[in-house]
Amino acid sequence: MELADRAVGFLLSFISIFIFTYYTFWVIILPFVESDHFIHKYFLPQEYAILIPVFAGVVLLCLLSIFVGFVVLKSKKKKA
Amino acid sequence: MKHVLKILTILVAISAFWIGLLQASIVPRSHTWLLPIYFIVSLGCYGLLMVGVGLMRFPTCPQEALLLQKDIAEAKVFLKQNGVDVGSD
């Protein structure tokens, strides 16, 4: 079973490093590159650099509050 | 000092640094506006990385698992002899 754990851990760290380098490139390096460079093809327009994290944060908050509400309702139903 | 005070001072220092950057205009303006979001995203990434690294390095101690199973069996026998119901097997 430790192989499955190791694979999941490796996948998580790989995803996090990928997101970090992609976002760093997007926000910090890309504005300094001229608009004709081919690298701009691989990156979405710059407004999405703000929209996607904000959207993900809002979705995370919603899911957390839904979970908290669910647990509170379940405990109240069990007590009554 | 309490932990929450330390975190608050770090946050105040970072926001003061950010406002200073805005005023001094060393870096281009649009860059400076994106910096807080960038820090939050990189903090989330760092947390995910720590979880992944911890998962990869988690020790399983197979000998301790065997000893624990032996202890459990021993305890079950002892309790059953003394009349305590040990439940599912």
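The values are calculated or read from the model by the stated rules, or taken from the named source; none is laboratory data. Bear in mind that the values here come from a model prediction, so they are computed numbers and not experimental data. Virtual Cβ from ideal backbone geometry, glycine too; neighbours counted across all protein chains shown.
List the residue pairs whose Cβ atoms are under 8 Å apart, where the first residue sits in segment A:1-27 and is modelled with pLDDT under 90, the second is of a type in the set (S, T, N, Q), and the two are 6 or more positions apart or on different chains.
Partner pairs satisfying both residue conditions: A:M1/B:T60; A:E2/B:T60; A:Y23/B:S42; A:T24/B:S42; A:W26/A:Q46.
Tell me yes or no: at least one residue of segment A:33-49 is within 13 Å of chain B (Cβ to nearest Cβ) and assigned to a helix (DSSP H, G or I).
Yes; the residues of segment A:33-49 include at least one that is within 13 Å of chain B (Cβ to nearest Cβ) and assigned to a helix (DSSP H, G or I).
Do the conditions hold for A:V54, that is, is it among the β-branched types (V, I, T), facing another protein chain (nearest Cβ under 8 Å) and either closer than 25 Å to B:V51 by Cα or surrounded by 11 or more Cβ atoms within 10 Å (Cβ to Cβ) (or both)?
Yes.
Would you kindly identify the helices (runs of 4 or more DSSP H) lying entirely within chain B that contain at least 1 residues that are over 28 Å from A:D5 (Cβ atoms) and away from chain A (no Cβ under 14 Å)?
By residue number, B:3-24, B:62-81.
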